[in-house]
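Step one of this worksheet: look at the structure below.
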Amino acid sequence: MEKIIALFEEYILKTIILTENMIAQNIKVDDQFTIETFTDNRQRLLNIIDQISKQIDWANVDPLKCSELNNKIEYINKLDQKLIKKLEDHKKIVTDEIEKTFKQKEKFKGYNLADVK
């Protein structure tokens with residue numbers, strides 16, 4: 001049982017590190033691949049954590065250890081809120097860039113090169 005709990009804790013720490021690194025990064029408009037890779041990797045970690053947690057008999061785990069793990073999970077939730085805010089800000093930047101590009105394209109549609117001498 002101790003090995004499973006240690007494995008569970010290891011994957012929680014990996015999730016925390018991955019999320020903190022993503023929050024610390026400056027996301028650019030062309031970083032779509034980075035965001036997709038991050039979210040895919042993070043989802044894999046969360047799926048693993050879920051599968052491991054199902055194998056643990058939580059009634060037999062030391063309450064102090066349960067409390068420690070719960071605190072780490074709560075920290076992940078706080079990081080999630082920061083990450084969501086950062087991704088929403090990035091979404092706004094990308095939306096603005098698309099809108100700007102679309103408006104520029106519309107301006108060129110009405111431009112007739114045949115009138116230029």
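The values are calculated or read from the model by the stated rules, or taken from the named source; none is laboratory data. A quick note: this is a predicted structure, and the numbers were derived from the prediction, not measured. Cβ coordinates were reconstructed from backbone atoms using ideal geometry, including for glycine residues, and neighbour counts include every protein chain displayed.
Give the range 36-67 a look and list any residue that's surrounded by 10 or more Cβ atoms within 10 Å (Cβ to Cβ) and touching a residue at least 40 places away in the same chain (Cβ under 8 Å), or say none.
Selection gives 49, 52, 53, 55, 56, 61, 65.
Taking residue 13 and the conditions (1) farther than 30 Å from residue 1 by Cα; (2) modelled with pLDDT of 85 or more; (3) of a type in the set (A, V, I, L, M), which numbered condition does it fall short on, given that it satisfies the others?
Condition not satisfied by residue 13: (1).
Let me confirm something: among 31, 115, 96, 80, which residue is surrounded by fewer than 10 Cβ atoms within 10 Å (Cβ to Cβ), among the acidic types (Asp, Glu) and either at negative phi or at pLDDT 95 or above (or both)?
115
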